[in-house]
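Colleague: This structure is in structure tokens; I'll ask about it shortly.
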Amino acid sequence: MKYFLEGSIAVAEAVRLCKPGVISAYPITPQTHIVEKLADFMANGQLESQFVNVESEHSAASVVLGSLAAEVRSYTASSSQGLLLMSEVLYNIAGLRLPLVITCANRAVSAPLSIWNDQQDSEALRDAGVIQLYVENIQEAVDYHLFAFRLAEDPRVLLPVMVCMDGFVLTHAYEAVDIPESERVDVFLPEFKLQDKLDVSEPISIGTVLDPRFYMETRYAIQETMREAQIIMKEMKQEFEKAFERELHVFFEPYLMEDAKKVIISRGSVAGTVKDVVDEMRKEGEKVGALKVISYRPFPADKLYEALKDIPEVAVLDRAISLGGYGPMYTQFKALFQGKEKNPKVSGFIGGLGQRDITKNDIRKIYEKLGEEEVSCQFINLNQEYLMQARRYT
């Protein structure tokens, strides 16, 4: 049934339908509305779960690590510095192969303090063994949370899955969104089962020390699971579409790329703006297209190569920066074509940090720049007056 909902409330509805037994989180803007609504559901008898109040994000992650190890479906959410405070435990959750579902309401990281959106926080965890899925709109936020629980808990996967949604742009915006019936979710999402769990009647040890003879194999196993997860995601896509009767792209979404000469790659909510510009420029006779990245980890390199190999010029628009290097998505796509027979021109652009607007005009300028010399890390929409003022004090 369709409702007109705030993004955070829609996510809380999706999580409620997945019936986690334990929820633990520490409030941080712009994530707070999600867990507040889940607490409301519990207080009103609409969700039978245990909400564990904690003193920090590190503790919240530790709580759900323990509950998952005891075979209880669990959920948390965070943003920015809070997510970074969780990071030590999230590495452990991935290493212990525990299927946490976590929402990242993407937000800039300090300093300077910013409560607004970009994707530097989740990007900082790209190497943690956490599957990362990025959403463009609120309907996708709902759908990928349902998908995330199923994917994380698949016995062939057993890894944490993070659904990344742009803070404020999606968490606090309202859209018409289809919330599925509980019965459909129950069919799609089976009961959570662990082969090895913490049980006082059959004690086991987890998280023990591994010496150099064994540690590397644990990382190899996660790497292989990330590769194999792409096959599982493809299977689940079909099951999702059958269960909920709507299309779901699980790796990336191409947009008018069949005959495109120039393509902009993006992820998250800005992908909608890029599509709007593509529509406008197509009417003007320009052969442009777009590609929206959904699955960042695992990174579907082979599929992306096939999708992009015949595009002459590609721009990667990052809403994050690997300081001292390049845009993190840009490096992924630049590496994608290294040594390959077909090697399109790939340029990298940085925009939208701290929720600086990325306008249609900015997107048009990127398409225009693709006809010029290749760039690797060009910031868009910088305020030159502020830069001059800053230089006076440095």
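Colleague: Residue 371 is checked against (1) touching a strand residue (DSSP E or B) at 6+ places or on another chain (Cβ under 9 Å); (2) open to solvent by 20 Å² or more (accessible area, probe 1.4 Å); (3) at pLDDT 95 or above and fails just one. What number does that condition carry?
Modeller: (3)
Colleague: Return the pair list, or none, for Cβ contacts closer than 8 Å from residues in segment 97-110 that are on the phi < 0 side of the Ramachandran plot and of a type in the set (Val, Ile, Thr) to residues that are open to solvent by 10 Å² or more (accessible area, probe 1.4 Å) and not in a loop (DSSP other than H, G, I, E, B), at least 6 apart or on different chains.
Modeller: Pairs found: 109/81; 109/84; 109/120.
Colleague: Can you go through 198, 151 and tell me which one is over 13 Å from the mean Cα position of the chain (by Cα), modelled with pLDDT of 95 or more and in a helix (DSSP H, G or I)?
Modeller: Result of the check over 198, 151: 151.
Colleague: Looking only at segment 245-256, filter to residues that are open to solvent by 10 Å² or more (accessible area, probe 1.4 Å) and of a type in the set (A, V, I, L, M, F, W, C); which one of those is nearest to residue 131 (Cα to Cα)?
Modeller: Selected residue: 251.
Colleague: Restricting attention to segment 148-190, which residues are open to solvent by 60 Å² or more (accessible area, probe 1.4 Å) and aromatic (Phe, Trp, Tyr)?
Modeller: 174
Colleague: For segment 85-97, how many residues meet the condition of being open to solvent by less than 10 Å² (accessible area, probe 1.4 Å) and over 18 Å from residue 26 (Cα atoms)?
Modeller: Going through segment 85-97 one residue at a time, the tally reaches 1.
Colleague: Taking segment 127-146 on its own, how many of its residues are in a helix (DSSP H, G or I) and within 13 Å of residue 176 (Cα to Cα)?
Modeller: So the answer is 5.
Colleague: Restricting the search to segment 248-272, which residues are more than 17 Å from residue 310 (Cα to Cα) and in contact with a helix residue (DSSP H, G or I) (Cβ under 6 Å, 6 or more places away or on another chain)?
Modeller: 248, 250, 251, 266
Colleague: Then there is this: Could you list, in sequence order, all residues of segment 264-278 that are free of Cβ contacts under 8 Å to residues at least 60 places away in the same chain and out of contact with any Phe, Trp or Tyr (no Cβ under 9 Å at 6 or more places or on another chain)?
Modeller: 266
Colleague: Would you check if residue 240 is of a type in the set (Phe, Trp, Tyr), in contact with a strand residue (DSSP E or B) (Cβ under 8 Å, 6 or more places away or on another chain) and modelled with pLDDT of 95 or more?
Modeller: Judged against the criteria, residue 240 is not a match.
Colleague: Output the number of the condition that residue 135 fails; it satisfies all remaining conditions of (1) within 14 Å of the chain's Cα centre (by Cα); (2) more than 25 Å from residue 249 (Cβ to Cβ).
Modeller: Among (1) within 14 Å of the chain's Cα centre (by Cα); (2) more than 25 Å from residue 249 (Cβ to Cβ), residue 135 violates only (2).
Colleague: I'd like the residue in segment 191-216 that is surrounded by 11 or more Cβ atoms within 10 Å (Cβ to Cβ) and of a type outside the set (Lys, Arg) and, out of all such residues, is nearest to residue 245 (Cα to Cα).
Modeller: Checked segment 191-216; the qualifying residue nearest to residue 245 (Cα to Cα) is 192.
Colleague: Return the total of residues in segment 110-126 being open to solvent by 10 Å² or more (accessible area, probe 1.4 Å) and under 16 Å from the mean Cα position of the chain (by Cα).
Modeller: 4
Colleague: I'd like to know if segment 222-239 contains one or more residues that are in contact with a helix residue (DSSP H, G or I) (Cβ under 9 Å, 6 or more places away or on another chain), part of a loop (DSSP other than H, G, I, E, B), open to solvent by 30 Å² or more (accessible area, probe 1.4 Å) and over 30 Å from residue 312 (Cβ atoms).
Modeller: no
The values are calculated or read from the model by the stated rules, or taken from the named source; none is laboratory data. No experiment lies behind these values; they were computed from the predicted model shown. Backbone-built Cβ (ideal geometry, glycine too); neighbour counts: all protein chains shown. We work out accessible area using only protein heavy atoms, side chains counted, and drop any ligands, DNA or RNA first. Shrake-Rupley method; radii C 1.70, N 1.55, O 1.52, S 1.80 Å.
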